[in-house]
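All of the numbers you see were taken from the coordinates with simple rules; none came from a lab. Treat the numbers as computed from the prediction; the structure is a model and nothing was measured. Using ideal geometry, Cβ is built from the backbone for each residue, glycine included, and neighbour counts are taken over all protein chains shown.
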Amino acid sequence: MDSFLVLEKHMLDTLGKSTSREQNLELYGTTNVDSLKKDQLSKLDTMQARLQFVTNNTWFQFNGDGSAILHYGDMASINTSWEFGDDGKLLLDVIEKSNFANNLNINIIALTDSTLRIQQVKNEVSNYISFTKQRK
């Protein structure tokens with residue numbers, strides 16, 4: 001996602017630099033490209049802040065009895081069960097029971113005694129998430 005934001009900000013920086021006022025009006029609905037850039041940059045900053053909040057407030061708790069609690073940002077925690085499938089993929093019961101995770105696949109990239117790195121794939125969009133063991 002960070003690379004997406006960098007690319008979008010770069011694209012905003014070049015917005016209107018190679019077009020005339022008339023072309024800007026036709027393409028963007030305004031001749032005031034600076035205001036358009038400022039508005040779009042504000043939206044990207046809001047998106048980045050929201051993503052950072054969700055990142056900082058997402059946690060998974062896997063218990064030895066096969067139960068788990070998943071917490072994403074400011075959503076309510078989800079109680080579920082977990083196991084490893086025959087193919088080594090992490091299976092979460094919540095995926096089977098709700099629209100929350102329709103078409104969601106979770107692949108374990110790395111698992112050690114202190115870290116879990118997963119790849120979430122939903123509708124062909126891939127996210128990598130790293131978790132560290134909470135110290136008690």
(request) Please work out the FRET efficiency for the pair residue 3 and residue 42, using the Cβ-Cβ distance as r and a Förster radius of 22 Å; give the result to the nearest 0.05. (result) 0.60
(request) Would you kindly calculate the mean projected area, averaged across all directions, of the convex hull enclosing the Cα atoms of region 5-45, in square nanometres? (result) 2.6
(message) From the helices alone, meaning DSSP H stretches of at least four residues, give me the mean residue ellipticity at 222 nm for the chain, per-run term -39500 (n - 2.57), in deg cm²/dmol to the nearest 500.
(response) -11500 deg cm²/dmol
(request) For region 116-136 and region 57-74, write down the distance between their C-alpha centroids in whole Å. (result) 12
(request) Give, in nm to one decimal, the length gained when the segment between residue 56 and residue 129 is fully stretched (0.36 nm per residue of separation minus the Cα-Cα distance). (result) 25.1 nm
(request) Compute from the Cα atoms of the chain the Rg and the Dmax, the latter being the longest Cα-Cα distance, and quote both in angstrom. (result) 20.6, 66
(request) Take a quick pass over the chain and tell me how many lysine pairs come in under 18 angstrom between Cα atoms, counting only ones 8 or more apart or on separate chains. (result) 9
